[in-house]
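Accompanying notes for the structure given below.
All of the numbers you see were taken from the coordinates with simple rules; none came from a lab. Everything quoted here is computed from the prediction, not taken from an experiment. For neighbour counting, all protein chains shown are included, and Cβ atoms are generated from backbone atoms with ideal geometry for every residue, glycine included.
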Amino acid sequence: MSSQPSNRVLIFDTTLRDGEQSPGATLTSAEKLEIARQLARLGVDIIEAGFPAASPDDLAAVQRIAREVGTPDGPVITGLARAREHDIRVCWEGVKDAAKPRIHTFLGISDYHLDFITKTTKQEALKIIRDAVTLAKSLCDDVEFSPMDAGRADPAFLVEVCAAAVECGATTLNIPDTVGYVMPQEWYELMHSLIHETPGAGPDSGVVWSVHCHDDLGLATANTLAGVMAGARQVEVTINGIGERAGNTSLEEVVMSLATRPQYYHLTTGINTREITKTSRMVSNYTGMPVQPNKAIVGANAFAHESGIHQDGMLKNAQTFEIMTPDTVGLNESRLVLGKHSGRHALKARLLELGYPVEGEQLNHVFARFKALADAKKVVTDADLEALVADETNKPQEIFKLVDCQITCGTMGMPTATLKVRDPDGVEHIHAAVGTGPVDAAFRAIDSIVKVPNTLVEYAVHAVTAGIDALGEVTVRISSVDDKRTFGGYGAEPDIVVASIKAYMAAINRMLAAQGYGDVKPEGEAATVGISGD
């Protein structure tokens, strides 16, 4: 890995090792393999597949990843090993089947670790490091050494440690800020001095310098980028920044910083950034660790805008408030979230997307009602907008009307819905249906009465307020079988099953009206709801 261009930063992903050490983030072997495959698609240079000596299952997972993901054109596969003979030999067993294997060994070298963990002197620690790296080198050409807790170690001793590791065959020197203690400027100065003062490991030596930063003070990404500016050409990161305590440096933050500011860093990576969002969601789903909405790059709000000023700017030119485009990280588009901070311009644009070209005084009335509704609700849905516009313009015609409904469900029998619906001729139809749940049963009963084929594409339930007496609101989207147009319906009731029935009926009535059902005049484009912006 030492032959890469001087402006190329290697991405060492430790999601499967350090990331999995997050409390509650344990992964199965099968999940690890799937994540490793996705990391390879993402384009990471090195995958730290695990800690083989930790357990037989971890060893088996590393072995499988080495065989199935560590192909000649794939990433380097490495495992972590303490500076002990047993760990190093087990690590080699784990990675040896990879086309490009690496052994990564480490020892704590700060006074805290020497005094309280290894309980050794500095000279004894140097001998342990020499023996460990020598053994690893005898097994594998590619050896990485990490002096753990380097950020709090004696700088002079740190130089000795790094020099000893290189002398014994280490090809990568990884400097960890294990507890997230160091400030960015300090980290830059430390890395710069190490790179230029460590015998045998200077800028032209072929040794790759690496940084591994933790986020205890929220500085992991800043420190990692400072290390890169000082000359480090490998960064150790995790997807979504997961890891011990407050986590590790986030892969997506470092990669997109380098990609977004090439004129500042003049550096590149081999990452396919369009795979970032997919990888983030996979790791979140498998580990059960949700991504916070305001997380940089991959959070739900990273490309969402609610402020009226921001939305107005986005509608005029996205670069007014976005420094990267959503598609660069694998998203389809930015979102304009309609809430109490939204302005008239954003409301008008969204209504137009939904097929409602509202202008002038009519827009003023809708906007006033929208603001009143937004004060009661955090986010105003498309269905809410439809309801507002319907009251101000042409309300959808009620072709089929719900008269009564009775639902039976629970553990004692099959969920059953009995519905009475009045058709356009005034004839009442009663039908009972069984489903997987009360809503499914009710929808089946409606379909049996109306007999108009459609596909349910979205069903969402929300509470207008908190508390046990909250009003339940339901949004339904269906698409017609013939022309694939999409229609929305909205219902709000204390009983969410009744709200679901009303929403489904509303969507069907919109579809029928748009299709010119019977003697009813088509509603045209005003009834059609595009879901591309949902």
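For this structure, a couple of remarks:
- Crossing angle, helix 122-139 versus the chain [Cα axis fit, 0-90 degrees, rounded to tens]: 70
- Antiparallel %, DSSP beta bridges [both residues in the chain], to 5: 45
- Exposed-loop-free span, longest in the chain, where trypsin sites (Lys or Arg not before Pro) count as exposed if DSSP calls them loop and at most 14 other C-beta atoms lie within 10 Å: 246-377
- Among 147, 75, 255 the positive-end extreme of the charge dipole of the stretch 10-287 (Cβ point charges): 75
- Phi to ³J(HN,Hα) by Karplus 6.51 cos²θ - 1.76 cosθ + 1.60 over the stretch 243-258, Hz, x for Gly, Pro: x, 3, 6, 7, x, 9, 4, 7, 4, 5, 6, 5, 4, 6, 5, 5
- 15 Å Cα-Cα reach of residue 32 towards aspartates and glutamates, excluding residues that sit fewer than 8 places from it in its own chain: 13, 18, 20, 48, 57, 58, 68
- Counting neighbouring beta carbons within 10 Å and listing from fewest to most, the residues 175, 47, 11 come out as 11, 175, 47.
- Pair residue 371, residue 434: separation of 7 Å Cα→Cβ label points (nm): 5.5
- By other beta-carbon atoms within 10 Å, ranking 373, 135 with the fewest at the front produces 373, 135.
- A helix-only calculation puts the chain at -11500 deg cm²/dmol for mean residue ellipticity at 222 nm, using -39500 (n - 2.57) for each DSSP H run of at least four residues, averaged over all residues.
- Potential lengthening between residue 260 and residue 216 on full extension [0.36 nm per residue; Cα-Cα distance subtracted]: 13.3 nm
- Partner lysines for residue 340 [C-alpha distance under 26 Å; skip if fewer than 8 residues away on the same chain]: 295, 316, 348, 371, 377, 378, 395
- Across the chain, the relative contact order, built from alpha-carbon pairs under 8 Å that are at least six residues apart, equals 9 percent.
- Counted charge near residue 415, where neighbours are those whose Cβ lies closer than 15 Å (Asp, Glu -1; Lys, Arg +1): -1
- Neighbour counting of Cβ atoms within 10 Å sorts the residues 212, 345, fewest neighbours leading, into 345, 212.
- Option label - percent of Cα pairs over 39 Å apart computed here, alternatives [x] 43; [y] 35; [z] 26: [x]
- The C-alpha atoms of the chain define a longest principal axis, and helix 438-450 lies at about 40 degrees to it.
- Pairwise FRET efficiency - residue 307 versus residue 141, Cβ, R0 = 51 Å, nearest 0.05: 0.40
- Helix 85-95 and the longest principal axis of the C-alpha atoms of the chain enclose an angle of approximately 50°.
- Net charge of neighbours whose Cβ lies under 12 Å from the Cβ of residue 89, counting Lys and Arg as +1 and Asp and Glu as -1: 0
- Simple spin-label estimate for residue 68 and residue 115 gives 4.7 nm between the two label positions (7 Å along the Cα-to-Cβ direction from each Cα).
- Estimated distance in nm for a label pair at residue 364 and residue 204, the labels positioned 7 Å out from Cα along Cα-to-Cβ: 7.6
- Environment charge at residue 157 (Cβ cut-off 11 Å; Lys +1, Arg +1, Asp -1, Glu -1): -2
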